[in-house]
1. The conditions are (1) over 16 Å from Ser406 (Cβ atoms); (2) at pLDDT 90 or above; (3) surrounded by 21 or more Cβ atoms within 10 Å (Cβ to Cβ), and Lys427 fails exactly one of them. Which is it?
2. I'm told Ile530 meets every condition in (1) in a loop (DSSP other than H, G, I, E, B); (2) touching a Ser or Thr at 6+ places or on another chain (Cβ under 8 Å) except one. Can you identify the failing condition by its number?
3. Do you know which residues across the range 310-320 are crowded, with 19+ Cβ neighbours inside 10 Å and touching a Leu at 6+ places or on another chain (Cβ under 8 Å)?
4. Out of (1) outside the structural domain of Leu466 (by TED's automatic domain parsing); (2) within 28 Å of Asp159 (Cα to Cα); (3) among the acidic types (Asp, Glu), what's the single condition that is false for Asp270?
5. Confirm whether Ser297 is hydroxyl-bearing (Ser, Thr, Tyr), in the same structural domain as Arg459 (by TED's automatic domain parsing) and surrounded by fewer than 23 Cβ atoms within 10 Å (Cβ to Cβ).
6. Taking the stated definitions as given, is Arg812 assigned to a loop (DSSP other than H, G, I, E, B), modelled with pLDDT of 80 or more and among the charged types (D, E, K, R)?
7. Please enumerate the residues belonging to the range 533-554 that are over 23 Å from Ser586 (Cα atoms) and either in the same structural domain as Phe420 (by TED's automatic domain parsing) or crowded, with 21+ Cβ neighbours inside 10 Å (or both).
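The values are calculated or read from the model by the stated rules, or taken from the named source; none is laboratory data. The structure displayed is predicted, hence computed values, not measured ones. Cβ coordinates were reconstructed from backbone atoms using ideal geometry, including for glycine residues, and neighbour counts include every protein chain displayed.
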Amino acid sequence: MADAAVGATIQVALQAVVSLAADHVNLAREFPEELERLNKSAEMIRGFLAGADEVKHSHDPRLLGVQKWLEQLEEEVFKADNVLDELNYENLRRQVKYQHQLMKKKINTNLERIHRDADGLGLAYKPQVEEAFATIATGATSRRQTDSKIVRSDVLGRDEDESKIVKKLLTESESDSISVIPITGMGGLGKTTLAKAVFNTPQFDNHFDKKIWVCVAEKVDRIEVVFKMILESSTGRKAEVDNRQVIVDGIETELKEKRYLLVLDDLWNDQEVLLNDFFTTLEALKPKKGSWCLVTSRLQEVAIVLSRHRRINFTRHDLRKLYDDDCWSIVKNWANVGEEVPKELEALRKRVLRRCDGLPLAATLIGGLLSKKRKQEWLSILEGSLLNGDGGGIEQIIKVSFDHLSPVPVKKCFAYCSIFYEDTKMKQDLLVELWMAEGFLQPDSQNQTMEGIGYEYLRTLLQTSLLEEVHDGRGTWYKMHDLVHDFAKSILNRNSSNQDRYLAASERMVEIINEKTSASLRTLFLEGGIADDMLSKFKYLHVLKLFGADVKELPTSIGKLIHLHLLDNSDSMITTLPESLCKLYSLQTLRIDALEKGFPKKMSNLISLRHLHYDDDNTGRKIQMPSGIGQLTCLQTLEFFNIGHQEEGRGIQELGTLEDLKGSLEIRNLELVNGKDDAELANLSKKPNMYQLVFEWGNRDRESNKRDEDVLEGLQPHPNLKELHIRKFTGDQFPQWLVKSSTLVELHLVNCRELPTLGQLSSLQHLYLSSMLDYHHITISTLLGNLVSLEDLILSHCPKLEYLPSIDAMERLKLRRLQSHRCRLLTKAAPSGPRSLIFRSVPQVSVKQQAVIAPKHCERLKSVLKAESAWNLKGILLHFEHSPTATSGCGFPSFLKKDEEEAVASKQKCNGW
């Protein structure tokens, strides 16, 4: 495995070296003969690597020499990359000098020596570029992290287990002892998935006062660590204290007089002393009867120890393997074969299921592997790599999936993910930016971008189930199953004489790293403080990601890291960037959370910058943009632009030259733009990759402004735009490009003086109206018109709004949801189509096919309730802020049965509504 890892590293590094030489350093023009030698060297090395692969998979006596040759070659390729990267840096400074030719010749001399060494070993030259080499990187041992989110379709074959556990958790114990259910079983059985399914049981929302999910995922030597996790999970805040008494007191405050469900996922401690200490303390908090603790663990000893605890109400649940039919369903699902199973797969069913061995993870991996291959290849893959022999278990299945990853750089990207904590939810954009910074994403043509290649690699890892996709309210994330992570980390932590290249470490670990190791590092994930002299020894870093740094200012020595391609401060306390940062001419990605003193003055020098992420909205609204940001013509990600004065290089014109901007952009302070001509200089109509735009003016208390109309007209976006937000617009008329858009899907109007006529927005599905302070009624003619695609109409903070369109007027709409929040005068609403009708003055709780009505005073319901016959609703939930018995004064719609009325009223009382 170690030799394969070295081989893949060399493949990817060579590709980066040749690409850098040809594209960035302009060797083709300045030194064509040297470039030709470099290309030949790379081609020969790729061929020799294929020969080396044959030797290392045999009992050839040359094996030891081949391994040493591979390691020497790896070192030389990285040295070559460092030299060319320095040349690129100098080229960016426009100071390329003649003596660099000597460095280029040295690269070729060393590589040609490697050729001679290969000949001396008798390695056969084989012209194969994409061999199944493993990947290389080194990460730190890290704590796994899981969450409670679940996709129900992922839970197969566990109905009986789920039902049994749920039934037990709903049973109130007669004793005062704490109740515990340990779910035990081997890795890959789906213990965490089952725990998630149980945790998200709808009945629990009313049964338990508090639900807490904690992932332990490591063997702890002090039980205070687990208590701290519980406190942080229950409060949703990071606990800054380590004192046990303070932590336990905090937990008691959270759980006092509450019935709770606590999940301890992936517990690795089976020491009786620690477990007894934990549950004795938990019991001393005097939980309300019916409280439960659900534990998942691979260790059978955990259940045995808990069964001996005298004060625990104990129920053990050993998770069995899946039945063959359930495993087969998972394989078919991931292989995307539909209901009719191809004969190529059906013929191998018994052998595939034997290899799955009842493990859902194994079934998922095999299905994912087949999904990326043609049916004609299935037999050779399954016969040749997967089904022969009985050894290897699930690790062998993961390895086969890994071996078939193509192209080779995908393997590098896969292994690199294990530098994160196990089960960390990784951001899509960050992953791609990290891979790009390490040179794993090399375009083969001018039509490709590094980012585009990265997203394609992500899809490959998803389709083969080596990465999992996770969705929550904040977006889409990616993570690895813990067994897959273990495999990736085994590649990262290979035993080799070469130095580590990718490292996650604490401040104390970094301080003792020797000079040789620090010179070889390409990626450093650093947790803790950062001294000014600490960075200087990591001169070849491509990636620096800081966690929890307790300093507020980034050291000036950052400017010496001329190879740095990605700097991420977003998870640290750093709020000040030094001017020396502006010397990082190769920097591609900068991630920051907040800046107290603004951007460095010479940010426009960062001419390679492609992605600028700024997370903090509070300081972001006040901060001045870097002067001359329009010079950063590689920029693709810019989350906001605060317009300033053009004479200072901060006018809206700066956006005009940023042709590659994509995604989302918020443009603020539009009151500073002089008119249509200036607005057009932003060239938004020539930015086809923007899918969301936010236009925001200053204080709405300004008089009705014709200039606002001119500016908005000049901000015409590309037709590809899908989502538009307009805030504090004081004009009386909206431009034609808006009211006649045939592609806009979502529109937000916030604190605007007028409403546009929207009847021609044929693709509009979601309409949000907020803080429309002057509107008394919304009519079909002025607003909705022919919005044939409209599904959601959301009204918020419209204090004078009294009327909505009539039933007849709204019949032709496809409205799925009509929601009102803090529109306190609204009394007439009679839509015929919405499946979710929500009138509330509290945060939203989405209930499909039900109406949630929560005005302050019951009288305002009457006119709404009279329209009951037109509603397409299954139920009504009444939320009264003052009196739990107020239902008697309102009356329910006649289409609700009496028992439904009683159930609804009972429900609102139980919830404290």
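1. Of everything listed in (1) over 16 Å from Ser406 (Cβ atoms); (2) at pLDDT 90 or above; (3) surrounded by 21 or more Cβ atoms within 10 Å (Cβ to Cβ), Lys427 misses just condition (3).
2. (2)
3. Within the range 310-320, just Ile312 meets the criteria.
4. Just one mismatch for Asp270, condition (2).
5. It is false that Ser297 is hydroxyl-bearing (Ser, Thr, Tyr), in the same structural domain as Arg459 (by TED's automatic domain parsing) and surrounded by fewer than 23 Cβ atoms within 10 Å (Cβ to Cβ).
6. no
7. Matches in the range 533-554: none.
Conditions (1) in contact with a His (Cβ under 6 Å, 6 or more places away or on another chain); (2) buried (at least 20 other Cβ atoms within 10 Å of the Cβ); (3) within 19 Å of Thr637 (Cα to Cα), marked per residue:
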position	(1), (2), (3)
Ser664	no, no, yes
Asn705	no, no, no
Leu744	no, yes, no
Leu749	no, yes, no
Leu755	no, no, no
Gln760	no, no, no
Ser763	no, no, no
Leu769	no, yes, no
